[in-house]
1. Does M50 satisfy the condition of being of a type outside the set (D, E, K, R) and open to solvent by 80 Å² or more (accessible area, probe 1.4 Å)?
2. Limited to the range 7-28, what total is found for residues that are modelled with pLDDT under 95 and loosely packed, with under 12 Cβ neighbours inside 10 Å?
3. Show the residue pairs that are 6+ apart or on different chains and have beta-carbon atoms under 9 Å apart, the first residue being within the range 1-20 and under 18 Å from K53 (Cα atoms) and assigned to a helix (DSSP H, G or I), the second being open to solvent by less than 80 Å² (accessible area, probe 1.4 Å) and among the charged types (D, E, K, R).
4. So is K41 modelled with pLDDT of 90 or more, charged (D, E, K, R) and surrounded by 11 or more Cβ atoms within 10 Å (Cβ to Cβ) or not?
5. Just need a number here: residues in the range 15-63 that are farther than 19 Å from N4 by Cα and of a type in the set (G, A, S).
6. Select from the range 22-42 the residues that are touching a residue at least 12 places away in the same chain (Cβ under 8 Å) and assigned to a helix (DSSP H, G or I) and list them in ascending order.
Amino acid sequence: MSRNKIQVPEAKAAMEQFKMEAASEVGVSLKQGYNGDLTAKQAGSIGGQMVKKMITDYENRLK
């Protein structure tokens, strides 16, 4: 059971789009829905890219 819950349900589509963009940037091909065939390295690179982009966005807002 997933513990990762979106706090604002209306943001689900935006988060999916964000994930797809991050995957594309690191060269991982995602399909809609379940992606259980990804390696841990691929999944980690997507998550890492998402965090990197969030930090960059936050830093830019502080300026």
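The values are calculated or read from the model by the stated rules, or taken from the named source; none is laboratory data. Everything quoted here is computed from the prediction, not taken from an experiment. Please note: Cβ atoms are built from the backbone with ideal geometry, for glycine as well, and neighbour counts cover all protein chains shown. Side chains are part of the model used for accessible areas, which takes the heavy atoms of the whole protein and leaves out ligands, DNA and RNA. Shrake-Rupley method; radii C 1.70, N 1.55, O 1.52, S 1.80 Å.
1. When the stated conditions are applied, M50 does not pass them.
2. Selection size over the range 7-28: 9.
3. F18/K53
4. Judged against the criteria, K41 is not a match.
5. Result for the range 15-63: 3.
6. Matches in the range 22-42: A22, A23, E25, Q42.
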